[in-house]
Each structure stands twice: as C-alpha cells, then as structure tokens.
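Just so it is clear, none of the values below were taken in a lab; they were calculated from the coordinates. Since this is a predicted model, take the numbers as computed values, not measurements. Reconstructed Cβ throughout: ideal geometry from the backbone, glycine too, with neighbour counts over all protein chains shown.
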Amino acid sequence: MNSIQSFDPAATTRPDDSLLSYYILVAAMTLIGFPFVVLPLYFKFRTLSFRFDDKGVSMSWGILFKREIYLTYRRIQDIHVTRNLFHRWFGLASVSIQTASGSAGAEMTIEGIRNPEALRDYLYAQMRGAQDDALEAIAESSPNEAQTAGDIATQLLRDVLDEVKRLRVMLEQRS
Amino acid sequence: MTALQDQTVYRGLWAVLVQYFRVPQDPPEIPGGGRDNTSPFKPAQAFLGYLKFWFWMLMAIIDIGVLVGWIAIMIADWRIGLAVLPIVVIVLIAPTIVAYIALQLRFDTTWYIMTDRALRIRRGVWIIDERTITYENIQNVKVTQGPVQRHFKIATVVVETAGAGSAGGKQRAAAANQGALEGVTNASEIRDRILLKMRESGSTGLGDELSLQQQRGRAASWSPAQFDLLREIHKELAAIA
C-alpha cells in the first residue's frame, strides 16, 4: 500500500475502470433506485475525461448537459482527499480541489484516479506556497536580469557623476 | 487511558480495520517537507478524556431517561417490566461499549502534520478525510477553548482559507475551507508559528501572482522610465559642459 508511484499528468485522461464498479456499487446501495442512479453515473463515467497541463487541470463530462471545469494550480486553496469504505476497497479516492470562487462546494472533484496520493502530491507541489516559486521563476526566466539592471543604473550614475565633476572643474576655472 | 489500546480485542479490531477496511496505519506525510518539525503528531491524550467526558454526559442523560421509563413500566405492570428488562439492559450497555471504542478509534485515526510550508489533517474511520493547506493560503487563524477544554488544558486551532465554505460553517471542522487541529495542548505555539508564516509571505493568499512582481521589485528597483530620466540628465549635463 505504501508503494506510491509518481503521478503522470500527461497520461491521465480517463478515469480508472474501477470507477465504474464503484459507481455500480454506489447505485446498488440505493436498492430500488438502482436504475435511476446508475444511468447518470454510467454516462458520467463514459464521458469523464481529464486534462492535466503544466498550468492547470480541466475535467469534462456529460452527454445531454455537458460540463467542463478548468482551474489553474496556482489558485488552489486547499485539497481534500476523501476516501470512504468503497473507495478504499477499489483503491480510489475523491480528490476535491477548492479555489476562492465562493461557491458552496468544492470547485472540482476528481474521482477515479488510481493512486490518489500521487495525484494529491502532484497538485500540492504545483500549489502556491508549496515551493519558493517566485524566486525560482525569476531565476528561470531571466537569470541575470536583476544584475544587469543594477549594473546599467550604476554605470549611468557614474557617467552623471563624471559630467558633474567636469562641469564643476570648468566653472571653477572660469571664475 | 491507554489501557484500551493495549487490549487484545481492540488490537484485533484495529487489525480488521487495517486489513479489510483499508484504514491507513501509517501517519500522513507531506513530500518535500522541509527542515523543521515534519514529524506528524496527534491530539493530546487529554483530548480523549475530553471526548469521553461529553460521551459520559450524554450517556448519563440517555440512561436516566431509559431508567425512568422502565420504572414507570414496572409500576404500571411488573410483568411487562420484567419482560422488557433484557432489552433495557442492552439499550443501556451496548451503545456504551460501541461509543467507547468509537471514541478511541477516532482518537487513533486523527493525525496532524505541519511542515514549514503546509499542514495536513487526517481524520475519520469510515470516511477518511485528508485536507492539505499551505500557509500561503491561510486567511485567518482561530483558537477556541471552552470551559471543559480549559479544564483538560487543550484547545482547538482552526485555520481558514478563502476556499468554498459551505452553509455548515458553524460546525467545527466541517466547513470545507477550514482545517481544525482539535485537542492540542500547545495551541498558542501552533498559532504563532502559522501567523509567522503568514506574515512572511505577505500575499493575500488568493492565488495572485503578486509575489513574483514583489520579488522582481526587490531585485531591481530601477524602472525603464528612470533609466530614460538618467540618460536625459546625462545628455543635459554633457551639453552644458
């Protein structure tokens, strides 16, 4: 159980097949409501797709009413990983991601990912505050920008100083 | 208080939970934790006593109610009273045992971990809930302590983010944008630590990229306009000379 493989964002586009079993089990728990509960869940499973890119994640599902949610990693407020008994039996979890949008529930609930801890750790690493990202971003985008800007300013000031000195000397000679 | 933990029955139950109900046995961990104090911790032992206090209060009320009802039946008709006696005894005792074990399980499955960047809270037996919050995103920190908690010398530290809080925000630890560290003895220490991290970050914690510009600003305080100005001064002076 402790073998946490790393999460591959590019390869994860579809939920795991065990999600369908989970949905059927959830629907079965409602007994007589089974056909009414299982159909929407089945279609949700059939159409559910994820796309993890380097800035954010999108999730879409639906046949009649299509839904697509996109959020950026930087705007994640907190991550919940909730596992009920069935989830744990199937090795799944529901990973809820919250942003500061002010809606009542979680903005995105990712279900059906095997190895949810790895997904959670992946999201956590992209989240604000998990790393010194501001400094790293500067270092990546323009390693010497700060340095050169400071150098230009110093050089210009030195030139100004030289001119002023010359001016003073000339004025002194004239007087 | 640790007596129950050592008992064979409880350990057997724990083994069943771990094996068949997949309750995680190991404490949570956060990757890339950092340097200081990444070891997970649990609520103080006094928290269990606190839970049990409320449990006994509730049980006392229920038991008195059931007993009064049974005595009333006995007075009305002693034969019916005797007939329902086994049911009464079961009603009195069974919930006590179940709830007592449930409290111990709740205590044993609650874990907190604080690194220097984030905190993670795990709780629950049937539904295991793990929430991860970075200090950057914390909006405010609350410390609450009731009279009974004060007697047990514990307190609850609640951190809130700007995330989606549901209507049930009044409930402790239930609102989705909160993380509650219940039953800790060093509440003020934890609060100070979180507040320090919040002050250090200096951003509003709403996913803004302000910190990037701030860092840039700190690195180079000269703007292009200032360069132009300096160049002009230079030109002017050169002309005078």
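Tabulated data
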{"item": "Set of lysines with alpha-carbon distance to A:K66 below 18 Å, sequence-local pairs under 8 removed", "result": "A:K44"}
{"item": "Over chain A, relative contact order from alpha-carbon pairs under 8 Å, at least 6 apart, %", "result": "17 percent"}
{"item": "Alpha carbon convex hull of the range B:3-198, volume per residue in cubic angstrom", "result": "159 Å³"}
{"item": "Contour minus Cα-Cα distance for B:M57 and B:L13 (0.36 nm per residue)", "result": "13.2 nm"}
{"item": "10 Å Cβ neighbours from other chains, averaged over peptide B:131-139", "result": "6"}
{"item": "Packing rank of B:112-121, B:66-75, where each peptide gets the mean count of other beta carbons within 10 Å, highest leading", "result": "B:112-121, B:66-75"}
{"item": "Residues of type lysines that A:K165 reaches as a straight line, Cα spacing below 16 Å, ignoring anything fewer than 8 places off in the same chain", "result": "B:K235"}
{"item": "Distance cut-off 29 Å, percentage of C-alpha pairs in chain A lying past it", "result": "43 percent"}
{"item": "R0 of 60 Å, Cβ-Cβ distance A:Y70-B:I75: FRET efficiency to nearest 0.05", "result": "0.30"}
{"item": "Burial ranking of peptide ranges B:176-183, B:153-160 (average Cβ count within 10 Å, highest at the top)", "result": "B:176-183, B:153-160"}
{"item": "Residue exposure sequence - A:T12, B:T96 - by fewest surrounding Cβ within 10 Å", "result": "B:T96, A:T12"}
{"item": "222 nm mean residue ellipticity, helices alone, for chain A (DSSP H n ≥ 4; -39,500 (n - 2.57); rounded to 500)", "result": "-15000 deg cm²/dmol"}
